[in-house]
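Report on the structure given below.
The values are calculated or read from the model by the stated rules, or taken from the named source; none is laboratory data. Remember, it's a predicted structure, so these values are computed and weren't measured experimentally. Counting neighbours? That spans all protein chains shown, and the Cβs are built from the backbone with ideal geometry, glycine included. Side chains included, ligands, DNA and RNA excluded: accessible areas come from the protein's heavy atoms. Shrake-Rupley method; radii C 1.70, N 1.55, O 1.52, S 1.80 Å.
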Amino acid sequence: MDDPEQPAYQQPIQPIQPGQPGQPIQPIPTAPPALPPQAQRLPFSQPAIWGFVISCVSLFVFGFIGALGAAIAGRGYRAARLGQARGGGLAIAGMIIGAIGFVLYAVIFIRSHLG
């Protein structure tokens, strides 16, 4: 009945508690490295935002204001290009959408009045 390869009695394994002899000392975790101070972010260009909004409105109502939206977005793009503000991509989108809105309005206006 007894297996010759297995000992008759095994002592239970006790977990080693910190501070017991024979256990390596683990270092205390340190704080994460401090991040370098970040530069102040530039504000978004207000003309870029307004130009984008006006251009989007021109797609649905008052198509003739698309040109105004594109012009205002152009001022916002200039500020972003000079590094005075963020929002260059928004300004480009405003100029493109405003131009499309104005051209669509002009085509519809001309076709409706010429015949």
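Potential lengthening of the chain between ALA71 and ILE100 amounts to 9.1 nm, from the contour at 0.36 nm per residue minus the alpha-carbon distance. Summed over the residues of region 21-115 and divided among them, the accessible surface reaches 76 Å² per residue at a probe radius of 1.4 Å. On region 45-98, 72 percent of the accessible area sits on carbon and sulfur atoms, based on a 1.4 Å probe. Peptide packing for 52-60, 91-99 was compared via the average number of neighbouring C-beta atoms within 10 Å per residue; ordered from the highest value, the list is 91-99, 52-60. Put simply, the amide H of ARG86, placed in the peptide plane, has neighbours under 5 Å in PHE44, SER45, leaving out anything fewer than 5 places away on its chain. By the Kirkwood approach, averaging reciprocal distances over each pair of separate Cα atoms, region 56-115 gets a hydrodynamic radius of 11.8 Å.
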